[in-house]
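Read the structure below first, then the notes.
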Amino acid sequence: MTEVSYALGLIGYPLEYSLSPALHRAALRATGLEGEYRCYPVPPLPEGEGQLRDLLGRVRRGELHGLNVTIPHKGSILAWLDELSPLAAAIGAVNTVLRRGERLVGDNTDAAGFLADLRRLGWVDQEGLPVDRSAPAQALVLGAGGAARAVTYALAKAGWAVAIAARRPEQAANLAAELERSLVGGMITRPVIYPLLPVATVLAEAPLPYLIVNATPLGMPPDLSASPWPAGLPFPDGACVYDLVYHPAETTLVARARRAGLRAAGGLGMLVEQAALSFAAWTGREAPVEAMRRAVEPMHSKKGKGRK
Ligand code: NAP
């Protein structure tokens with residue numbers, strides 16, 4: 001039998017600082033599989049339409065064995081696929097493309113990757129609820145874009161009440177309404193929103209969160225001092241703060257939360273976990289999560305910018 005040589009890759013724009021090649025090359029090495037993982041920069045549609053069509057055609061023909069999808073295509077790619085996993089359909093975003101027979105299937109591993117990292121940190125149990133049973137399963141998600149969709153879905157599905165704070169009220173309202181429709185007995189609280197992320201307003205109107213998640217790019221280069229949490233606003237006592245941003249390793253939000261004595265983490269762990277789940281979906285092999293983590297931790301502290 002001929003050994004498969006996996007042709008994998010990432011589509012998004014820009015991709016110069018992506019850690020995904022390092023993650024997946026480490027996974028291939030550690031599992032002893034042949035293959036390569038390449039970046040395919042595809043500009044936003046409609047400019048990138050030809051390239052997107054070409055890459056998806058290559059997956060359909062079996063020339064590529066899988067693709068990751070990142071900004072700005074996680075939502076726009078839905079229309080180009082034959083089928084969505086129930087999770088990707090519910091979230092409305094795809095970060096993993098694979099082939100089933102002749103069909104192109106879109107999946108989402110961000111939601112499960114997020115919960116897997118909260119588990120690794122010891123913040124939530126197997127079901128995704130607070131390990132500390134006396135803590136309220138109440139979360140506040142900052143931002144209402146693609147990543148916020150995955151995080152909000154994961155939390156609400158696990159049984160958390162989620163409030164969403166975003167600078168565009170209609171974006172947060174749509175997210176809440178769509179996810180509520182796809183979740184039986186939707187747990188999402190009415191989003192309390194206001195221009196310019198008035199977290200204070202949300203805190204005054206929604207139950208105090210035990211988990212605060214930054215799903216905006218605030219804190220990434222070039223403005224490392226930016227934070228979605230207003231300066232001077234105290235954090236709720238005992239809260240956990242998770243920043244999806246993973247460059248720099250310690251964002252202003254994470255640093256402030258730690259200084260306030262809270263548990264806080266950046267998003268590198270989620271990046272590793274979502275990559276591991278994509279790798280397993282493409283290869284049918286258990287992903288070597290720790291080898292993947294070791295491959296990016298040193299790069300992560302050196303690089304100045306980056307995305308998936
Ligand atoms: P996105 O779809 O562009 O959504 C970003 C959200 O943040 C939107 O609600 C956006 O509002 C808001 N926002 C942007 N700039 C803002 C500002 N200056 N002030 C207030 N709100 C602002 O991006 P995404 O895919 O959700 O990604 C969000 C962040 O998560 C990125 O930093 C990304 O790298 C990170 N991420 C990490 C992982 C991981 O594995 N760790 C996975 C996915 C994403 P508007 O729509 O009004 O601009």
If you take the residues in the stretch 124-156 that are surrounded by fewer than 24 Cβ atoms within 10 Å (Cβ to Cβ) and among the charged types (D, E, K, R), which one is farthest from the ligand (Cβ to nearest atom)? R133
Does the stretch 280-294 contain at least one residue that is farther than 28 Å from L98 by Cα and either assigned to a strand (DSSP E or B) or modelled with pLDDT of 90 or more (or both)? no
Selection count, the stretch 72-129, where residues are more than 22 Å from R60 (Cα to Cα) and not basic (K, R): 20
Restricting to the stretch 100-122, give me the number of residues that are over 17 Å from V213 (Cα atoms) and touching a Phe, Trp or Tyr at 6+ places or on another chain (Cβ under 9 Å). 3
It is to be established whether one or more residues within the stretch 118-135 are in a helix (DSSP H, G or I) and without any contact (Cβ under 8 Å) to a residue 40 or more places away in the chain. yes
Given the conditions (1) away from the ligand (no atom under 13 Å from the Cβ); (2) surrounded by 19 or more Cβ atoms within 10 Å (Cβ to Cβ), and given that I91 satisfies all but one, which numbered condition is not satisfied? (1)
Please determine, by comparing only the residues of the stretch 164-186 that are over 18 Å from the mean Cα position of the chain (by Cα), within 13 Å of the ligand (Cβ to nearest atom) and assigned to a helix (DSSP H, G or I), which one is modelled with the lowest pLDDT. P169
Flag if A112 is surrounded by fewer than 20 Cβ atoms within 10 Å (Cβ to Cβ), hydrophobic (A, V, I, L, M, F, W, C) and not in a loop (DSSP other than H, G, I, E, B): yes
Let me confirm something: among A163, A137, which residue is farther than 24 Å from G219 by Cα and not basic (K, R)? A137
Does V241 meet the test of being under 24 Å from Q171 (Cβ atoms) and within 12 Å of the ligand (Cβ to nearest atom)? no
Looking at E205, is it among the charged types (D, E, K, R), within 21 Å of L115 (Cα to Cα), surrounded by fewer than 23 Cβ atoms within 10 Å (Cβ to Cβ) and away from the ligand (no atom under 13 Å from the Cβ)? no
Any residue at all in the stretch 257-276 that's in contact with a Ser or Thr (Cβ under 6 Å, 6 or more places away or on another chain), within 14 Å of the ligand (Cβ to nearest atom), acidic (D, E) and at pLDDT 95 or above? no
Filtering the stretch 213-227 down to residues that are out of contact with any helix residue (DSSP H, G or I) (no Cβ under 8 Å at 6 or more places or on another chain) and part of a strand (DSSP E or B) yields M220
Give the stretch 20-50 a look and list any residue that's assigned to a helix (DSSP H, G or I), surrounded by fewer than 15 Cβ atoms within 10 Å (Cβ to Cβ) and in contact (Cβ under 8 Å) with a residue 24 or more places away in the chain, or say none. R29
Among the residues that make up the stretch 57-69, is at least one of them within 18 Å of M270 (Cβ to Cβ), out of contact with any strand residue (DSSP E or B) (no Cβ under 8 Å at 6 or more places or on another chain), among the β-branched types (V, I, T) and surrounded by 16 or more Cβ atoms within 10 Å (Cβ to Cβ)? no
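The values are calculated or read from the model by the stated rules, or taken from the named source; none is laboratory data. From a predicted model like this one, the values you see are computed outputs, not experimental measurements. Positions of Cβ are generated from backbone atoms using ideal geometry, with glycine treated the same way; all protein chains shown enter the neighbour counts.
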